[in-house]
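Remarks on the structure that follows.
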Amino acid sequence: MMFLVLVLMSLAGGLLYPCTDLDTNAYRTPRVLHWLAAEQWHWIHTADSRLNIAGCNFEWLSAPLVLFTRTDRFIFLINLISYLLLPGLIFDVFTRLRIRPRIAYWWMWFLSAGWCYVMQAGASHNDSFAVIYALASISFALRARESNRIGDVWFSMLSAALLTGAKQTDVPLALLWLIAVWPSIRLSFAKPFATIGVAAASLLVSALPLIYFDLKYTGTWTGLSSNDPLFSKTELRSPVWGIIGNCICLPAQNLLPSYFPFSPAWNQAMKHFLTTPLGEHFASFEYFGRLDQGISEKNAGIGLGICLLALISVWGARCLRRYVAADTGPIPGNYRALYLAPFLLLLLFMAKVGTFQNARQLAPYYVFFFPLLLIQPGHALLVRKRWWHWAGWLTMVMTVGTLFIVRSRPLFPANTILESLAAKHPHSSLISKMLNSYSNRLALESLRDCFKDEIPSDERVVGYATTKGQVETGLWMPFGCRRVERVLPGDTSEELLQEGVKYVVVEDEALFVNNETIEDWMARHNAILVDQYTFKYDPYRNPSTLYLVRLNSNPTTNQRMDSGFNCICRIEPFI
């Protein structure tokens with residue numbers, strides 16, 4: 001019943017609110033719209049490499065939804081359907097890993113209440129949905145040992161391939177699948193030609209095609225070349241310091257409470273720490289140690305509740321292990337490898353990934369950390385204790401409460417209540433901070449409609465000059481009637497007009513990167529200012545400004561500028 005409540009709350013949040021996630025509006029949905037407009041996949045003309053180099057499998061699922069519904073409001077259904085499959089798959093994998101059914105039964109519900117899974121069930125993020133592929137790959141691989149059916153090996157292979165194609169950070173989990181399927185690999189030789197066909201299909205839906213095109217167009221398998229602005233933010237200089245730094249970042253993100261009003265002071269302390277001799281070792285992290293004001297789908301790990309329940313369970317099982325009869329036999333080495341491998345993969349993740357809010361990127365990994373804990377003696381008795389049941393129920397209640405007040409999709413009239421309280425208590429700093437936090441969602445929603453009345457409805461192409469802008473999805477609206485072209489610093493007025501671009505939205509961050517003002521940009525492109533719009537991405541950062549300009553139909557001759565930022569050239573579709 002508690003799981004059903006979480007499902008209904010996620011459904012309500014997804015239906016009530018448009019997507020305000022910055023990454024989704026910056027590159028996930030826009031890349032789908034670019035593909036649909038071109039009627040094919042192609043290397044997009046953009047300075048934001050994420051539109052081209054990021055894993056595509058979530059977008060392949062969302063493309064039909066956008067195509068047939070002409071809206072992005074239903075993309076969250078991909079995550080919601082995946083979430084419905086989560087408890088059963090956890091139970092299946094845990095029992096096949098020789099965890100007792102009663103233990104697996106309780107934990108399949110509690111782990112499904114993990115914040116990264118619940119928060120993203122009603123959102124459009126692409127982190128947690130891949131846990132279904134990961135669990136399915138292990139489930140079919142272990143099932144093949146019992147059934148001796150080659151079909152189970154094939155399904156496990158396809159699941160593992162889909163997992164790697166979801167996100168590059170999920171690729172290491174393929175090693176876990178290889179350990180699970182290795183004892184059954186001999187079954188593949190029963191039908192070699194069919195196995196080759198399945199393997200070929202698996203390669204097509206895996207990360208391999210994307211790696212090939214990243215190598216072709218950028219020279220690196222990750223797509224991040226040294227002159228890419230993202231390279232310095234995501235590539236850790238030292239694996240050792242990466243592991244040490246993530247030993248700070250990952251626990252801090254996973255233990256973040258539902259609401260954290262002290263985030264400004266914490267972030268200021270982290271910023272100061274980076275200036276110290278010790279902190280310089282973590283400078284290659286993207287915003288090292290930074291925490292948000294509270295939990296949302298963009299930063300949630302497994303969550304404070306599950307972390308506390310895991311600690312309580314380990315302590316309780318340790319106290320009860322002397323009352324448990326000895327196991328009937330040793331655990332085979334292959335199963336032990338499946339228990340230990342996730343922690344080795346965690347070290348690999350920590351050594352390489354220094355992105356901001358990387359606790360959510362671990363979403364497909366979390367469930368695989370628990371078999372090693374739950375196989376220990378004592379859990380069979382612990383799950384029968386009433387006090388432990390209450391601890392589990394409180395964990396799910398905490399998740400319900402967090403989902404109810406989450407800033408991105410609150411299930412109560414947050415702004416109405418807080419504005420009323422702010423009027424009665426104008427000097428309350430707590431109320432002011434909370435109102436500022438919840439109001440940020442309204443500011444992000446308004447971005448989807450910026451310049452809606454200023455751009456003529458019959459304009460079929462609109463330009464967008466940005467580095468990693470957040471407003472492109474709104475510029476495509478209504479979907480299917482308009483196309484957005486990214487404008488790079490070296491693009492001239494003649495080229496833009498030939499593409500049919502008359503109006504261009506220019507973001508101040510793009511001006512800053514190119515070391516120019518809006519007046520310089522307009523003079524270079526023979527344009528005039530139509531309107532401007534000021535907004536905040538983050539309530540604790542300085543406002544940003546968008547400028548709407550119109551290109552003159554008879555521009556002066558402009559020479560293409562050479563810019564270090566113009567690192568991706570225009571490439572025609574090749575399919």
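The values are calculated or read from the model by the stated rules, or taken from the named source; none is laboratory data. Nothing here was measured: the structure is a model prediction, and the numbers come from that model. Neighbour counts are summed over all protein chains in view; Cβ atoms, including those assigned to glycine, are modelled from backbone coordinates with ideal geometry.
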Legend entry - Flag for Phe288 being modelled with pLDDT of 90 or more and farther than 18 Å from Ser263 by Cβ: no
Inset, instruction - At least 3 residues that are more than 30 Å from Asp21 (Cβ to Cβ) and touching a helix residue (DSSP H, G or I) at 6+ places or on another chain (Cβ under 8 Å) in each: list the helices (runs of 4 or more DSSP H) lying fully within region 256-353 that qualify. - result: 304-320, 333-352
Inset, instruction - Can you run down the residue pairs with Cβ atoms below 9 Å, 6 or more apart or on separate chains, where the first is in region 188-207 and over 19 Å from Ala134 (Cβ atoms) and not assigned by TED's automatic domain parsing to the domain that holds Gln168 and the partner is among the basic types (Lys, Arg) and buried (at least 18 other Cβ atoms within 10 Å of the Cβ)? - result: none
Inset, instruction - Might you let me know whether region 406-421 holds any residue that is without any contact (Cβ under 8 Å) to a residue 12 or more places away in the chain and among the basic types (Lys, Arg)? - result: no
Inset, instruction - Return the residue satisfying two criteria in turn: it lies in region 505-526 and is within 32 Å of the chain's Cα centre (by Cα) and part of a loop (DSSP other than H, G, I, E, B), and of such residues it is nearest to Ala38 (Cα to Cα). - result: Asn514
Inset, instruction - Enumerate the pairs (first residue in region 478-504 and assigned to a helix (DSSP H, G or I) and at pLDDT 90 or above; second residue anywhere and aromatic (Phe, Trp, Tyr) and surrounded by fewer than 20 Cβ atoms within 10 Å (Cβ to Cβ)) with beta-carbon separation below 9 Å, excluding pairs fewer than 6 apart on the same chain, so at least 6 apart or on different chains. - result: none
Legend entry - Checking Trp177 against (1) surrounded by fewer than 22 Cβ atoms within 10 Å (Cβ to Cβ); (2) aromatic (Phe, Trp, Tyr); (3) touching a helix residue (DSSP H, G or I) at 6+ places or on another chain (Cβ under 7 Å), the condition it does not meet: (1)
Inset, instruction - Please name all residue pairs, on different chains or six or more residues apart, with Cβ atoms under 6 Å, provided the first residue is in region 14-37 and is surrounded by fewer than 17 Cβ atoms within 10 Å (Cβ to Cβ) and the second residue is at pLDDT below 95 and not in a helix (DSSP H, G or I). - result: Leu22/Gln470
Legend entry - Hits in region 467-477 - residues which are part of a loop (DSSP other than H, G, I, E, B) and either touching a Leu at 6+ places or on another chain (Cβ under 7 Å) or modelled with pLDDT of 90 or more (or both): Gln470, Val471
Inset, instruction - Please specify each residue of region 147-157 satisfying the condition of being surrounded by fewer than 20 Cβ atoms within 10 Å (Cβ to Cβ) and on the phi < 0 side of the Ramachandran plot. - result: Ser147, Arg149, Ile150, Gly151, Phe155
Inset, instruction - Go through the residues of region 184-206 one by one and say whether even a single one is closer than 30 Å to Tyr287 by Cα, assigned to a helix (DSSP H, G or I) and aliphatic (A, V, I, L, M). - result: no
Inset, instruction - Only residues that are surrounded by 20 or more Cβ atoms within 10 Å (Cβ to Cβ) and not in a helix (DSSP H, G or I): list them for region 379-400, please. - result: Val383
Inset, instruction - Would you mind finding the one in Leu97, Leu84, Leu65, Leu61 that is under 20 Å from the mean Cα position of the chain (by Cα), in the same structural domain as Gly333 (by TED's automatic domain parsing) and surrounded by fewer than 23 Cβ atoms within 10 Å (Cβ to Cβ)? - result: Leu84
Inset, instruction - Answer yes or no as to whether Phe155 is of a type in the set (Phe, Trp, Tyr), outside any loop (DSSP other than H, G, I, E, B) and farther than 27 Å from Trp182 by Cα. - result: no
Legend entry - Residue within region 332-339 that is over 17 Å from Leu111 (Cα atoms) and either among the small types (Gly, Ala, Ser) or under 24 Å from the mean Cα position of the chain (by Cα) (or both) present: yes
Inset, instruction - Return yes when Asn440 is touching a residue at least 24 places away in the same chain (Cβ under 8 Å), buried (at least 16 other Cβ atoms within 10 Å of the Cβ) and in a helix (DSSP H, G or I) and no when it is not. - result: yes
Inset, instruction - Provide a single number: the residues in region 401-428 that are more than 30 Å from Ile103 (Cβ to Cβ) and part of a helix (DSSP H, G or I). - result: 12
Legend entry - Meets criteria (exposed (fewer than 15 other Cβ atoms within 10 Å of the Cβ) and either without any contact (Cβ under 8 Å) to a residue 40 or more places away in the chain or in contact with an Asp or Glu (Cβ under 8 Å, 6 or more places away or on another chain) (or both)) for Arg318: no
Legend entry - Flag for Glu509 being of a type in the set (D, E, K, R) and in contact (Cβ under 8 Å) with a residue 40 or more places away in the chain: yes
Legend entry - Where Val461 falls short, out of the listed (1) out of contact with any Ser or Thr (no Cβ under 9 Å at 6 or more places or on another chain); (2) crowded, with 18+ Cβ neighbours inside 10 Å; (3) under 30 Å from Tyr27 (Cα atoms): (2)
Legend entry - Residues located in region 381-422, provided they are basic (Lys, Arg) and under 23 Å from Tyr17 (Cβ atoms): Arg407, Arg409
